[in-house]
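Some notes on the structure that comes next.
The values are calculated or read from the model by the stated rules, or taken from the named source; none is laboratory data. As the structure is a prediction and not an experimental result, all values here were calculated from the model. Cβ sites come from the backbone with ideal geometry, for glycine too, and all protein chains shown count toward neighbours. Accessible surface is based on the protein model in full, side chains and every heavy atom, while ligands, DNA and RNA are left aside. Shrake-Rupley method; radii C 1.70, N 1.55, O 1.52, S 1.80 Å.
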Amino acid sequence: MSSDVTRVSVRVTGTVQGVGFRPFVYSLAARLGLSGFVGNDSGGVFAEVEGAPAAVAEFLTAVERDAPPLARIDQVVATDMRTYGSAGFTIAPSARGAQRTALVAADSAMCADCLAELRDPADRRYRYPFINCTNCGPRFTIVADVPYDRPNTTMAPFAMCEPCAAEYHDPADRRFHAQPVCCPACGPRLSLRGRGGRPLAASGPLAASGPLAAGDPLAAAAALLRDGQVLAVKGLGGYHLAVDAASEAAATALRARKHREDKPFAVMAASLAAARQLCEVDETAAALLTSARRPIVLLPRRPGTVAAPVAPGNRRLGVMLPYTPLHHLLLEAAGRPIVLTSGNMSDEPIAYRDEDAFAQLEGIADAFLTHDRAIHIRTDDSVVRVWGGAVGSELAVRGREMLIRRSRGYVPEPVIVAARFRRPVLACGAELKNTFCLASGDRAFVSHHIGDLENVATLRSFTEGIEHFGRLFGIEPEVVAYDLHPEYLSTKYALDADLDSCGVQHHHAHIASCLADNGHDGPVIGVAFDGTGYGTDGTLWGGEFLVADLAGFERAGHLAPVPMPGGAAAIRQPWRMTAAYLRAAFPGGPPPGLDVIKRNARNWAAVTSMAERGVNAPVSSSAGRLFDAVAALLSVRDTINYEGQAAVELEQLADPGETGTYRAAITGQGPFRIEGADLVRAVTSELTAGTPAPLIAARFHNGIAALIEEGCLLARERHGLDTVALSGGVFQNLLVTERAAARLEARGFRVLLHSRVPCNDGGISLGQAVVAGARDRALGS
């Protein structure tokens, strides 16, 4: 062959299947006049291209530079080959490889092109609820196996009609090799059913002359919402429960049926303009709301925009925009924002199989808006907050998202780690907000949100998820990592596995997760503040200053332990922690007349005695319990109905403009102790003096930020470290986090915060995985 022709073999790894990568390569090669082929296999995308050297060089540059919007390229490797003299460029049949390294794309919100077609009366997919293309639509939730081809998805039962097949095979078409491609003639169909999935009677808002009789399930569903009924809606990753967001009666009924007393519901608005009518939406929030990921974004709410029971007593509202064509059509038909919350009873996984949803939601939903495309893996909506920004702060995460729950739209994208795993690892996570993590090579696949591992249904979701991820990504773990708490179901699962095991202390896992999130190996000063974690001394930790790297840690300091009267009851009833902290703050007895004592007078003496005698009162250094104590002291909340409720409401009470600060003493020559009781004493003093509660709450928050600063200064003095990692559920509190970070930066510290996984227990599995990986590398060296 002529020296003016060259041929290369190309291997592209990353998220390159299900994102239009083969059509992109095909069009690129055709434009550059190259011959060869492109295809999918279990490792990603493979290709061979032949042509003029300059054209081949441009091809290799453009493959990365101009990749489709949903693609995430890890690596492009090109190898010179002997020229063949081939003509034309083709898409080769998909091949299965021995090792599965291909990545599966996350589900993506409907793109602008598909939305335009959805609204175009002249388009053959006009108002079709399942419209999609290579740039949008279902991915992870419909994939059963790789490579990502239609037979390996839940679209396999739907044979393409001739027009869809023509688009699928046309290199110039936007649906060229779009695996879920379909239309009204050949694709999934929408239906409206009654309670338990039974046929729906044409009565009330669905009278015989109404939309149901006219064969329009969408219009009928919208009529039910306007009539104040509860509608179950089949989404991408499971069923949601929907009601009119402006209807107090409907929202109250949904709370009662779902047994969800106070935890806020999310609201879906039809457009960004509609979201701005509900909440204050800045530039960062607008970008998140309209992104392909389409998370729920927690935003400052405007008064009087939704019914009070939607988010009772909450100054923030979780808002999302439609991400499927069905959502767009339903919101347009309803003509108003709707509550859209997970289709489950409280504390159970979201229902995703039709028969399970019909049974489990029968007592909740009046009707089901459903369809016949199966969901392969349940996936909840993701939840984020928007970082503000302290004046002068240079934190990279400022102006970006802070993940609260990482699930739909983000999963299964891996976290790329700096140091490769010597052997594949399964990390089983914590008990609350559970995720698992499967890790191999330089990839850590943190799972979708599983939930609280406290019942059989959630445990089943956990085990099924592990099996699915293992099959999808070809990972057979040889090492299992777990939390030290002996009663966690995730720990018991790990210890029953026939694998080399690695126990990881809860707060070390938090800090390791933050390190991995930032591509940092340590050592650092790790501040791990959360509700509860099992310590190496058998007590409950949660207000920790660690000197840590990935492999190990030293406890540098902590909040002074106090009893938790009644054990777990003290978590559900924060006033018990008030009793314990008042006892520590005022050994001679608290000031008279405190409202918290009056409200709980019947049990106060018994609980105080329990704390004093140490009977059913395990000691804990938990920062979360300190927040609980102050919340009850300020009459925010004596009992909670969901995890962290008292702390969430205390943050909302605080006046963000207040700069006053309470101080806590630090003592101890070994691991230092910070006296949280000093903050409680200051709160009590100002409360009895009549200082307004919002000012007290703010000064308490500032006091937490100050004690973090002072603890880190002491740790730097003793250990010579100037990088701080902040992790644990307390750092979901933006008031604390931003003020602590600003103080630390002003003192010359580099501050590491989470941005790719949550700082709460949803990020624990990543930390466990990298700790196990580091220890395994040490064993193998």
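With a/c under 1.5 counting as rounded, go ahead and sort segment 638-781 into rounded, prolate or oblate using the C-alpha gyration tensor (a ≥ b ≥ c being the square roots of the eigenvalues; past the cut-off, prolate if a/b is larger than b/c, else oblate).
prolate
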Of all trypsin sites (Lys or Arg not before Pro) in segment 39-101, which ones are in loop regions per DSSP and have a Cβ with at most 14 other Cβ atoms within 10 Å? 82, 96
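Which of the peptides 332-344, 151-163, 178-190 is most tightly packed, and how do the rest follow, going by the mean number of other Cβ atoms within 10 Å of each residue? Please report the intermediate quantities before stating the final value.
On the way: 332-344: 22.8, 151-163: 16.0, 178-190: 20.2.
Listed from highest to lowest mean packing, they are 332-344, 178-190, 151-163.
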Using a 4.7 Å Cβ cut-off, which Cys residues in the chain lack a partner cysteine? 114, 133, 164, 182, 183, 279, 428, 437, 502, 514, 712, 759
So what is the accessible area of the chain per residue, in Å², with the probe set to 1.4 Å? 36 Å²
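Calculate the FRET efficiency for residue 750 and residue 400 from the Cβ-Cβ distance with a Förster distance of 25 Å, rounded to the nearest 0.05. Could you put the intermediate results ahead of the total?
Values: r = 17 Å, r/R0 = 0.70.
Efficiency computed from Cβ-Cβ geometry: 0.90.
Please list 581, 126 in order of solvent-accessible area, largest first, computed with a 1.4 Å probe with all protein chains present. Numbers along the way, then the final one.
Details: 581 0, 126 100 Å².
Solvent-accessible surface, decreasing: 126, 581.
Let me check I've understood the local charge: for residue 695, count other residues with C-beta under 10 angstrom from its C-beta, Lys and Arg +1, Asp and Glu -1. What total comes out? Intermediate values should be presented prior to the final figure.
Working: positive: 699; negative: 655, 658, 686.
Computed value for this residue: -2.
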Shape call, segment 734-781: gyration tensor on alpha carbons, a/c limit 1.5: oblate
Which one of 653, 755, 342 is farthest out on the positive end of the charge dipole of the chain, using unit charges on Cβ (Lys, Arg +1; Asp, Glu -1) and the Cα centre as origin? 653
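Go ahead and run the numbers for FRET between residue 272 and residue 613, Cβ-Cβ distance against an R0 of 51 Å, rounding to 0.05.
On the way: r = 58 Å, r/R0 = 1.14.
Computed FRET efficiency for residue 272 and residue 613 comes out at 0.30.
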When only the heavy atoms of the protein chains count and the probe is 1.4 Å, how do 268, 81 rank by accessible area, highest first? 81, 268
Each label sits 7 Å from Cα toward the beta-carbon; between residue 290 and residue 252 the label points are separated, in nm, by 3.8 nm
Over the chain, with every protein chain in place, what whole percent of the accessible area is carbon and sulfur at 1.4 Å, could you tell me? 50 percent
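Using R₀ = 51 Å, calculate the FRET efficiency as 1/(1 + (r/R₀)^6) where r is the Cβ-Cβ separation of residue 227 and residue 501; round to 0.05.
Numbers: r = 55 Å, r/R0 = 1.08.
So, using R0 = 51 Å, E works out to roughly 0.40.
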Mind jotting down the distance between the C-alpha centroids of segment 697-756 and segment 484-515, whole Å? 26 Å
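Quick one: net charge of residue 191's neighbours, Cβ under 13 Å, K/R +1, D/E -1?
On the way: positive: 189, 193, 198, 234, 373; negative: 216, 354, 372.
Cβ neighbours under 13 Å give a net charge of +2.
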Within segment 334-376, the residues whose backbone N lies under 16 Å from a label point placed 7 Å from the Cα of residue 455 along the Cα-to-Cβ direction are 342-353, 356-365
If I compute Kirkwood radius over Cα pairs in Å from the structure I just sent, which labelled value in (1) 27.9; (2) 31.7; (3) 28.9 lines up? (1)
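Net charge within 14 Å of residue 551 by Cβ-Cβ distance, Lys/Arg positive one each and Asp/Glu negative one each, not counting residue 551 itself?
On the way: positive: 422, 775, 777; negative: 521, 549, 554, 776.
Taking every other residue near residue 551 into account, the sum is -1.
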Between segment 601-665 and segment 47-98, what is the separation of their alpha carbon centroids in Å? 60 Å
Label-reachable residues, segment 151-192, where backbone N falls under 11 Å from a point 7 Å from residue 27's Cα toward its Cβ: 171-176
Site residue 717, offset 7 angstrom along Cα→Cβ, radius 17 Å on amide nitrogen, limited to segment 728-748, gives 744, 747-748
